[in-house]
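The structure appears right after this line, and notes come after that.
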């Protein structure tokens with residue numbers, strides 16, 4: 001090993017990076033660590049979205065948050081930063097319901113798509129946003145909609161036309177906030193979900209008055225509600241859905257966490273099936289959705305999931321309804337469906 005020359009200049013310490021204080025705040029040991037304020041979170045995430053941080057800093061920031069677990073104030077700050085950075089819709093373009101779809105289906109077919117069709121048939125304008133490709137072995141909504149010939153947009157202009165013509169439209173996150181989409185693709189590298197998977201569900205890019213979200217763990221529901229309150233979301237519904245998607249599991253009782261004008265309410269949607277449900281992992285497709293919608297084949301589980309999910313959404317959209325009334329309306333919409341819609 002060669003010793004440094006006596007006349008080699010001493011290295012001077014580099015000035016601290018502007019992002020370093022945010023990492024230090026999250027990682028300064030058991031007694032020195034604290035959560036970020038909403039303003040700090042917005043500033044920090046804004047720097048990430050603008051590409052003003054090093055990859056090492058971004059990874060450290062996301063994983064420190066993952067270990068600590070994010071707060072409502074932090075998520076609200078992150079969402080605000082995303083809304084500031086995203087390519088938002090033109091003035092006047094909105095929808096009745098914001099539907100986030102980021103997990104992809106793993107064990108069951110994407111029956112919730114039929115629920116969306118029922119709501120659109122009832123006259124509601126449904127805007128769907130999501131991201132794909134971050135986890136193997138899942139059927140993502142963009143792919144499923146494409147297989148079914150349902151609207152997938154590549155711009156806000158497309159969204160406006162699709163909402164007017166079909167009352168539903170899906171716009172991928174990569175067209176809304178590309179840096180956020182890129183962060184979601186880090187999961188295979190980091191080996192863990194990050195707060196990005198949570199906050200993306202709450203960006204409500206079209207500023208719909210009602211928002212529906214799914215969580216992987218029920219404990220996250222209160223966090224979603226807290227964030228929605230801080231963000232001024234008028235109405236929202238959160239529940240633990242199948243594979244993390246907005247889809248009721250008929251074989252389980254589902255706790256519905258409703259928010260209306262800052263007031264929280266919980267309701268229980270009782271299971272409709274008691275038997276064990278087998279996974280269809282490895283055989284995920286949209287063909288069963290077409291068969292059920294057309295009436296050419298019976299899929300009992302799929303019908304139960306479709307109607308229960310539609311009923312849950314109706315509770316959000318029509319707060320005066322009871323669970324029994326919402327279920328009845330979902331059944332009526334099913335009987336009145338246009339069977340040629342998925343030809």
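The values are calculated or read from the model by the stated rules, or taken from the named source; none is laboratory data. Worth saying up front: this structure is predicted, and the values here are computed from it rather than measured. Ideal geometry is used to build each Cβ from the backbone, glycine not excepted, and the neighbour counts take in all protein chains shown.
Observations on the structure shown:
- Residue within segment 154-168 that is within 16 Å of residue 244 (Cα to Cα), in the same structural domain as residue 107 (by TED's automatic domain parsing) and touching a helix residue (DSSP H, G or I) at 6+ places or on another chain (Cβ under 8 Å) present: no
- Any chance residue 201 is in the same structural domain as residue 233 (by TED's automatic domain parsing), out of contact with any strand residue (DSSP E or B) (no Cβ under 7 Å at 6 or more places or on another chain) and under 23 Å from residue 35 (Cα atoms): no
- Yes/no for residue 181 being closer than 22 Å to residue 51 by Cα, under 13 Å from the mean Cα position of the chain (by Cα) and surrounded by fewer than 23 Cβ atoms within 10 Å (Cβ to Cβ): yes
- Some residue of segment 322-343 being in a loop (DSSP other than H, G, I, E, B), touching a strand residue (DSSP E or B) at 6+ places or on another chain (Cβ under 9 Å) and at pLDDT below 95: no
- Within segment 309-328, the residues that satisfy the criterion of being within 22 Å of residue 127 (Cβ to Cβ), touching a helix residue (DSSP H, G or I) at 6+ places or on another chain (Cβ under 8 Å) and touching a residue at least 40 places away in the same chain (Cβ under 8 Å) are 309, 310, 311, 312, 313, 314, 315, 317.
- Of all the listed residues (297, 268, 251, 233), the sole one being in a loop (DSSP other than H, G, I, E, B), out of contact with any helix residue (DSSP H, G or I) (no Cβ under 6 Å at 6 or more places or on another chain), over 21 Å from residue 81 (Cα atoms) and not assigned by TED's automatic domain parsing to the domain that holds residue 78 is 251.
- Pairs linking a residue in segment 229-256 that is at positive phi to a residue that is in a strand (DSSP E or B), with Cβ atoms under 6 Å and 6 or more positions apart or on different chains, are 243/105; 244/214.
- Single condition residue 69 does not satisfy, out of (1) surrounded by fewer than 19 Cβ atoms within 10 Å (Cβ to Cβ); (2) touching a residue at least 24 places away in the same chain (Cβ under 8 Å); (3) under 18 Å from the mean Cα position of the chain (by Cα); (4) not assigned by TED's automatic domain parsing to the domain that holds residue 156: (2)
- Residue check for residue 77: modelled with pLDDT under 95, surrounded by 12 or more Cβ atoms within 10 Å (Cβ to Cβ) and over 24 Å from residue 191 (Cβ atoms): no
- Selection from segment 83-119 of residues that are over 16 Å from residue 207 (Cβ atoms) and part of a strand (DSSP E or B): 101, 105
- Single unsatisfied condition, residue 216 versus (1) touching a helix residue (DSSP H, G or I) at 6+ places or on another chain (Cβ under 7 Å); (2) modelled with pLDDT of 95 or more; (3) surrounded by fewer than 18 Cβ atoms within 10 Å (Cβ to Cβ): (2)
- Only one of 153, 144, 208 that is within 25 Å of residue 42 (Cα to Cα) and touching a strand residue (DSSP E or B) at 6+ places or on another chain (Cβ under 9 Å): 208
- Any chance residue 75 is within 27 Å of residue 318 (Cβ to Cβ), outside any loop (DSSP other than H, G, I, E, B) and in contact (Cβ under 8 Å) with a residue 24 or more places away in the chain: no
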